[in-house]
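Asker: Have a look at this one before I ask anything.
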Amino acid sequence: PILLSVIIAGLVSQLIKVIILLIKKEPHAWEAMYRAYGGMPSTHTTVSSAAVFSVFWLEGASNLFYVALVFTGIIIADVISVRWFYQNRDAKINLIIKAAVECHKINVEQLKGKFGHTVLEVIVGLMIALGASWIVYTYI
């Protein structure tokens with residue numbers, strides 16, 4: 001049941017990501033299934049949290065649950081801090097690009113990196129994981 005809920009949660013999360021991108025008419029939306037490093041929802045959070053919730057449904061507050069919880073906490077902290085790091089880096093590089101464009105009249109595209117996740121994207125990932133793991137635990 002643990003692996004099944006992880007797989008279901010991950011697939012649902014990635015499918016939602018693609019649907020959102022298709023609604024926004026983003027090019028290459030289907031590539032988000034295997035190449036996206038950010039966006040709504042956080043599949044990293046979804047997959048790791050589905051494992052945590054599944055262990056809890058099956059074993060309660062066991063040692064395995066606490067180990068999974070710690071690793072999921074690390075994953076969540078990382079996906080949020082990656083977003084912060086790249087936004088700050090891109091903003092500084094974009095200032096340099098802007099100055100170069102103005103000074104030398106060159107045409108350089110600004111960085112628009114979409115790495116990591118916002119807190120909202122993480123929360124939605126947690127909700128998907130909770131739902132998927134509960135459905136698997138309850139009905140399978």
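The values are calculated or read from the model by the stated rules, or taken from the named source; none is laboratory data. Please read all numbers here as calculations on a predicted model, not as lab measurements. Heads up, the Cβs are rebuilt from the backbone with ideal geometry, glycines too, and the neighbour counts pull from every protein chain shown. SASA here: full protein model, heavy atoms, side chains in, ligands and nucleic acids out. Shrake-Rupley method; radii C 1.70, N 1.55, O 1.52, S 1.80 Å.
Asker: Taking only protein heavy atoms into account and a 1.4 Å probe, give the accessible area per residue of region 1-80 in Å².
Answerer: Roughly 58 Å² per residue, with all protein chains present.
Asker: At 15 angstrom or more along the helix axis (alpha-carbon based) and mean Kyte-Doolittle of 1.6 or higher, what helices does the chain contain? Whole DSSP H runs only.
Answerer: Flagged H segments are 2-23, 119-139.
Asker: How much length is gained if the chain between N94 and L15 is pulled fully straight, taking 0.36 nm per residue apart and subtracting their Cα-Cα distance, in nm to one decimal?
Answerer: My answer for the length gained is 25.2 nm.
Asker: Shifting gears a bit: Which of F65, W134, V119 sits closest to the plus end of the dipole of the chain, meaning its Cα is farthest towards the positive end, when Lys and Arg get +1 and Asp and Glu get -1 on the C-beta?
Answerer: My answer, from the dipole projection, is V119.
Asker: Positive end of the charge dipole of region 27-110 (Lys, Arg +1 and Asp, Glu -1 on Cβ, about the Cα centre): tell me which of S42, A99, W30 has its Cα farthest that way.
Answerer: A99
Asker: While we're on this one: Express in whole angstrom the spacing between the alpha-carbon centres of region 3-34 and region 81-96.
Answerer: Distance between centres, Cα-based: 25 Å.
Asker: Scan region 49-116 for GluC sites (Glu not before Pro) in coil per DSSP, keeping those whose Cβ has at most 14 other Cβ atoms within 10 Å, and list them by number.
Answerer: Numbers: sites: E59, E102, E109; in loops: E109.
When the GluC sites (Glu not before Pro) of region 49-116 are filtered for loop state and at most 14 Cβ neighbours within 10 Å, E109 remain.
Asker: Now a separate question. With charges set only on the Cβ (+1 for Lys and Arg, -1 for Asp and Glu), what does the dipole of the chain come to about its Cα centre, in debye to the nearest 20? Before the final figure, lay out each step's value.
Answerer: Numbers: 11 positive and 8 negative charges, 100 e Å.
It works out to roughly 480 debye.
Asker: Next question, about the same structure. Give me the percent of the accessible area of the chain that comes from carbon and sulfur atoms, probe 1.4 Å, all protein chains in place.
Answerer: 72 percent
Asker: Let me ask you something else. With each run of n ≥ 4 DSSP H residues scored as -39500 (n - 2.57), what mean residue ellipticity at 222 nm is computed for the chain after dividing by its residue count and rounding to the nearest 500 deg cm²/dmol? Show your work: numbers first, answer last.
Answerer: Details: 5 runs with 106 residues, N = 140.
Taken over the chain, the calculation gives -26500 deg cm²/dmol.
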